[in-house]
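Heads up: the structure comes next, in structure tokens.
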Amino acid sequence: MRAETDIVPLDKRTPGVQAIEPLIFPVLEAVYTRREKRLRFLAEQRGEAEGGYFKFLSHLVLAQQQILKHMSLSVADGSAIRALPKQGCDQDQLEKLLLAIPYWQQAFLFLVQQVKSVVPEETHIMLESYRQDMPALKKSAIHLLRGNYTQVDAGLAVILWAALSVSWAQAVGQDQKHIQQTQPVGEARLCPCCGAQPVASLVLGGDREGLRYLQCSLCETRWHRVRGICVECGASAHVEHWTFEDLKAPVQVESCGDCKTYLKVFRLDYKPDLDAVADDLDSFALDTAVEQQGFSRAGLNPFSFPG
């Protein structure tokens, strides 16, 4: 059954209560297969014609999958990526370190080539300009990794982040055992493996029934957080859940009245075929409704960068 899920199941033969895993590493081939399938379904559900955004994204995820199959990350580049400081790195230092890692740049060039037939002409011209200007591309990558999203053109950001993501996800996957043993999770607000923001909360089903994990927007790792407390500030007194339906809705928003932030919650125990990135994008009407109540989003969807 492994090919149908993006996480490795626990061993059900082990008796007694299972220990909660602080980190769940993705099975990347399954992540991309599941996400592309979900994007195609959502595009069809919306009645998108060719050129629609969900259809474009399905092409982008297919291209990520091709990178995974035919352009595997080297051990040297994986080590260099894992050695990058997660936070607090000055720009000059990060520039020097990123320049020494060719893989993410090659991944970007491949993605641009693969999606050129499904993007508007003006977007294609802009992307081609970055193919010819690696210093500018590097600066854009630094802005994204440092969270300066508004400094990067949105059309570039989605494709560049996809290149960074397939690179970082493979790098983390190369060293799972060491990371599991050395990276404290605790009450981490950002990904313990790469320092990126979460996309959303996931409440899992199956043999992890009811456990809450955050899913990383960059390396796709999931890390455990206790339910009922705010992901952003750790408070619990004024945590509320919002839906357009009822409390059994598979897509919800969890807000905190103390820090006035919110994060989407996907109940995979109710609807296991949801994908955090695709279905978050499909449910932005819920974000709008909650933001009108004075809350601001605490996470990042890499298919929709803040403008």
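Derivation of every value follows stated rules applied to the coordinates shown; laboratory data play no part. Being a predicted model, the structure only gives us computed values, none of them experimental. No Cβ is skipped: glycine too gets one built from the backbone with ideal geometry, and neighbour counts run over all protein chains shown.
To one decimal place, what Kirkwood hydrodynamic radius in Å is obtained for segment 186-238 from all pairs of distinct Cα atoms?
On the way: mean 1/r = 0.0880 Å⁻¹.
Value: 11.4 Å, from the Cα pair sum.
With Rg and the Kirkwood Rh both taken from Cα atoms, where does Rg over Rh land for segment 241-307?
Working: Rg = 11.6 Å, Rh = 12.3 Å.
A ratio of 0.94.
Using the scaling law 2.2 N^0.38 Å as the reference, what is the normalised Cα Rg of segment 102-171? If you can, show how the numbers build up before the last one.
Working: Rg = 11.2 Å, N = 70, 2.2 N^0.38 = 11.1 Å.
Ratio of Cα Rg to 2.2 N^0.38 Å: 1.02.
What's the magnitude of the charge dipole for the chain around its Cα centre, counting Lys and Arg as +1 and Asp and Glu as -1 at the beta-carbon? Answer in Debye, nearest 20.
Values: 32 positive and 37 negative charges, 133 e Å.
Charge dipole of the chain: 640 debye, to the nearest 20.
Quick one: net charge around L137, please, counting Lys, Arg +1 and Asp, Glu -1 for every other residue with C-beta under 12 Å from its C-beta.
Its environment carries a net charge of -1.
Per residue of the chain, what 222 nm ellipticity follows from adding -39500 (n - 2.57) for every DSSP H run with n ≥ 4, rounded to the nearest 500? If you can, show how the numbers build up before the last one.
Values: 11 runs with 132 residues, N = 307.
Here the helix-only value at 222 nm equals -13500 deg cm²/dmol.
Alpha carbons only, please: Rg and Dmax for segment 23-120, in angstrom.
16.4, 47
How big, in percent, is the set of alpha carbon pairs in segment 189-296 lying more than 21 Å apart?
Cα-Cα pairs in segment 189-296 separated by more than 21 Å: 30 percent.
Which one of G78, L60, H238 is farthest out on the positive end of the charge dipole of the chain, using unit charges on Cβ (Lys, Arg +1; Asp, Glu -1) and the Cα centre as origin?
Working it through, the farthest residue towards the positive pole turns out to be G78.
Within the chain, what is the number of lysine pairs with alpha carbons under 13 Å apart, leaving out pairs fewer than eight places apart on the same chain?
Details: K37/K55; K96/K138; K96/K139; K248/K271.
Lysine pair count for the chain: 4.
Return the Rg/Rh value of segment 164-211, two decimal places, where both radii are evaluated on C-alpha atoms and Rh is the Kirkwood radius.
On the way: Rg = 12.4 Å, Rh = 12.5 Å.
When Rh is taken as the Kirkwood radius, the ratio is 1.00.
Which is farthest toward the positive dipole end of the chain among L286, C259, F25, measuring Cα position about the Cα centre, with Cβ charges +1 (Lys, Arg) and -1 (Asp, Glu)?
F25
What are the extents of the Cα atoms of segment 117-252 along their three principal axes, listed from largest to smallest and rounded to whole Å?
50, 42, 28
Starting from a Cα-only point model with no solvent, please compute log10 I(q)/I(0) by Debye for the chain at q = 0.07, 0.10, 0.11 1/Å.
-0.26, -0.55, -0.67
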